[in-house]
Amino acid sequence: MNEPHTDGSAAEGALLWTPSEERRSGTRLADYERWLAETHGLRFENYEALWRWSVEDVGRFWASCWDYFGVKAHTPYTDVLAPGPNGTRVEGARWFTGATLNYAEHVLARSGSEVCIVGVHESGATTEWTWDDLRARTAEVAAGLRALGVGRGDGVVAYMPNVPEAIAAALAAASLGASWSSCPPEFGTQSVIERFRQMDPKVLFAVDGYTYNGRRFDSRDAVAGIQAALPTLERTVVLPYLEAQPDLVPLGEGASLWSEFVLPGGEMSFEPVPFDHPLCVAYSSGTTGAPKAIVHGHGGALLEHAKFLSLQMDTGEGDRFFWFSTTGWIMWNILMSGLLLGSSIVVYDGSPGHPDMYALWRVAERTRITSFGVSAPYILGCMKAEIEPGASLDLSAMRSIGSTGAPLPPEGFAWVYEHVKSDLLLASISGGTDIFTAFVGGGAGLPVRSGEIQCRCLGCKVESFDESGAPVVGEVGELVVTEPMPSMPVRFLNDPDGSRLHESYFDVYPDVWRHGDWLKVTDEGACVIYGRSDSTLNRSGVRMGTSEFYRVVEDIPEVLDSLVIDTTQLGVEGKLYLFLVMREGCALDDAMRQRIAGAIRTSLSPRHVPDEVRQIAEVPRTLNGKKLEVPVKKMLNGVPLEQAVSLDALANPDSLRYFEEMAEATA
């Protein structure tokens, strides 16, 4: 039996779950270890030893993944790993030189009548596609693109919700060697334009509208605005989503319905491309300026996602895989990559809180999800809403829960094991759009401890550097990666000399990737992320990550949400502000301020007691649910709102008016 340890403890490091020997030996990681022993004579005492080999003999490790996952190459590789153009080992490293392959070919390698995609709308409407359906739907989109002359190196973009057709369009573009990029229709028009115009796209896929939180939104005016800002655009293809026959006259002659564009009946073919040929373009959040357009390659996505999902998350054939995401977050790309391993995937379109916080858990029950992924803020929202998914629903199929987007505090871990299910793998993961994966994450054969990420992922030499650039264990330092990874960016668009990419990751430590997070690696090899290093709370030389602060403050029952900002800059200590969203009927009075100060003084340090505590209506967040710490800090330090943040990149832009007025009043 697997061993749950649910004593209600929320202490960091408390043991919550241990996999049984039967479960441990049945994981895909255990199968890979057996394969390594049989084919290479390599045996490892434990996961830490395996990880160390994977980062010390990084070329051999990734070559083993190539073989283990059965990568189909049209031409073989000559070298697994070659130095970058300037002789650097990490920056600009080249992988599997000489090889040609295609990501979409691997996704579409299966056939048959088994369901591979389940599309779920917030209304409850459900569609199912089989492997044969997916191949046929992808082929007809690819044929339509080919008829327009779309091919290798061209750009294809989508302004679409998370629906099966978006998967088909992305795979169709990949099959031709074209680059893909997507944004959900709830993105503001200017935010979409800032992203898409960097690609010079030939084709725009879009919907006539969408529904969210029970409301209908017509997207045609937004689509027209996007069209007008993309001079290279040759065709707009509209999937009817609100209406069966939407009026496309406002979009002009270059627009057609999906059914008019696709060409059914054709066979799939795949353009062989180099390992680092652009597969897709992802974007930084764009909260503080034009988003960085990060190019990821076919081979990096293929190998890294197969490794991560199989060996870290234990997902594969026979699983039903879900991660709540829009088409504008890399978790959507990772969800699609579940198909690489033969998993069926669930794509959800709508609000995760409609009609209530049980919404996604009901989807899990109805579709028999085995691997359920959400954001840490969603888990904390469920905890605050005091729902009981485990008691109310049949979640017997669920074997794992993934959490990302922000650090999951110990209380979130405890809530999952107490109120969802006591016997499952809770895999908190952390990575980024930049790296197209997670650096640190799940270990299906490892115990789960409260507030800790189980391990550093195989092939990811993640370390914590102190201020002198030396690796430390058991201390908080800068998260760095000191060996190359296949999924590191191929390049940034519009960065011909690579200077923007260098400044983003390699300008602090020579030939070492600095990610911008605070990290502690424990003696056992587990990890704790403490938030962004550029939003650190530095009070009289005592540094602390914001996640530690939020854990203490949001543990107070009357507090619904919070934002902490340290306005210190350029060596001058500023004020420490705490902004609170209170539960309905709860007041932020002097007694509450004293309780909060006491909790912070006791649990954190006297130096981190806020100078001011203020009540706000809502915490400003990005479209992916992350708290907007750095832009608010800039505003409170006098940077005008329009220079500090791009409003189109926010889920609730009106929330910033409070901080704008506050900055003006305190100037």
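Rule-based calculations on the coordinates, nothing more; no lab input. These figures come from a predicted structure and were not determined experimentally. Glycine also receives a Cβ, built like all others from the backbone with ideal geometry; neighbour counts cover every protein chain displayed.
Placing a pseudo-label 7 Å from each Cα along the Cα-to-Cβ vector at V639 and W35 gives an inter-label distance of 4.6 nm. Per the Debye calculation on region 531-666 with a single equal scatterer at every Cα and no solvent contribution, log₁₀ I(q)/I(0) for q = 0.15, 0.17, 0.22 Å⁻¹ amounts to -0.71, -0.93, -1.53. The order of H515, H502, H296, going from fewest to most other C-beta atoms within 10 Å of their C-beta, is H502, H515, H296.
Rounded to the nearest 5, the antiparallel percentage of DSSP beta bridges internal to the chain is 60%. Quick one: if the Förster radius is 22 Å, what FRET efficiency do A229 and N652 give, using the C-beta to C-beta distance and rounding to 0.05? Plugging the Cβ-Cβ distance into 1/(1 + (r/R0)^6) gives 0.35.
Applying the criteria of a DSSP loop state and at most 12 other Cβ atoms within 10 Å to the GluC sites (Glu not before Pro) of region 425-477 yields E467, E475.
Among the trypsin sites (Lys or Arg not before Pro) in region 1-100, those placed in a DSSP loop whose Cβ has at most 16 other Cβ atoms within 10 Å are R43, K72, R89. Set the Förster distance to 60 Å, then compute FRET efficiency between A591 and A244 from the Cβ-Cβ distance, nearest 0.05. So, using R0 = 60 Å, E works out to roughly 0.55.
Sorting S191, S269 by the number of Cβ atoms found within 10 Å of their own Cβ, with the fewest placed first, yields S269, S191.
Compared with the direct C-alpha span, the chain from D423 to R368 gains 18.2 nm at full extension, assuming 0.36 nm per residue.
Label positions at F44 and D200, each projected 7 Å from the Cα along the C-beta direction, are separated by 4.4 nm. Quote the Stokes-Einstein diffusion coefficient, in whole µm² s⁻¹, for region 140-242, based on the Kirkwood radius over alpha carbon pairs, a temperature of 25 °C and a viscosity of 0.890 mPa s. Answer from the Stokes-Einstein relation: 181 µm²/s. Counting only lysines at least 8 places from K202 when in the same chain, those with an alpha carbon closer than 24 Å to its own are K292. Distance between the pseudo-spin-label points of D57 and D555 (7 Å out from Cα toward the beta carbon): 4.5 nm.
Across region 427-570, the fraction of Cα-Cα pairs farther apart than 21 Å, rounded to a whole number, is 49%.
Per residue, the average separation of C-alpha pairs within less than 8 Å and at least 6 apart gives the chain a relative contact order of 13 percent.
Stokes-Einstein diffusion for the chain, with the hydrodynamic radius set to the Kirkwood value over Cα pairs and evaluated at 4 °C in a medium of 1.567 mPa s, equals 51 µm²/s. This model, with +1 at the C-beta of Lys and Arg and -1 at the C-beta of Asp and Glu, gives the chain a dipole about its Cα centre of some 440 debye. With a threshold of 29 Å on the Cα-Cα distance, the over-threshold entries among K575/K627; K307/K421; K72/K520; K461/K626 are K72/K520. Here the gap between Y212 and A125, fully extended at 0.36 nm per residue and compared with their Cα-Cα distance, gives a gain of 30.0 nm.
Positive-end ranking of L50, G70, T88 along the dipole of region 39-91, with charges on Cβ about the Cα centre, is headed by G70. Since only H121, A229, A136 are under comparison, the one whose Cα sits farthest along the positive direction of the charge dipole of region 115-274, derived from C-beta charges on Lys, Arg, Asp and Glu, is A229.
For a paramagnetic label modelled on T97 (point 7 Å from Cα along Cα→Cβ), amide N atoms under 14 Å away belong, within region 252-280, to 275-276. Database remark: amide H of T97 closer than 5 angstrom to the amide H of T78, D79 (H placed geometrically; neighbours at sequence offset of 5 or more, or on other chains; Pro and chain starts carry no H). Among L233, L580, the order by Cβ neighbours within 10 angstrom, fewest to most, reads L233, L580.
Extension gain for the segment D67 to E503, taken as residue separation times 0.36 nm less the Cα-Cα distance, is 153.5 nm to one decimal.
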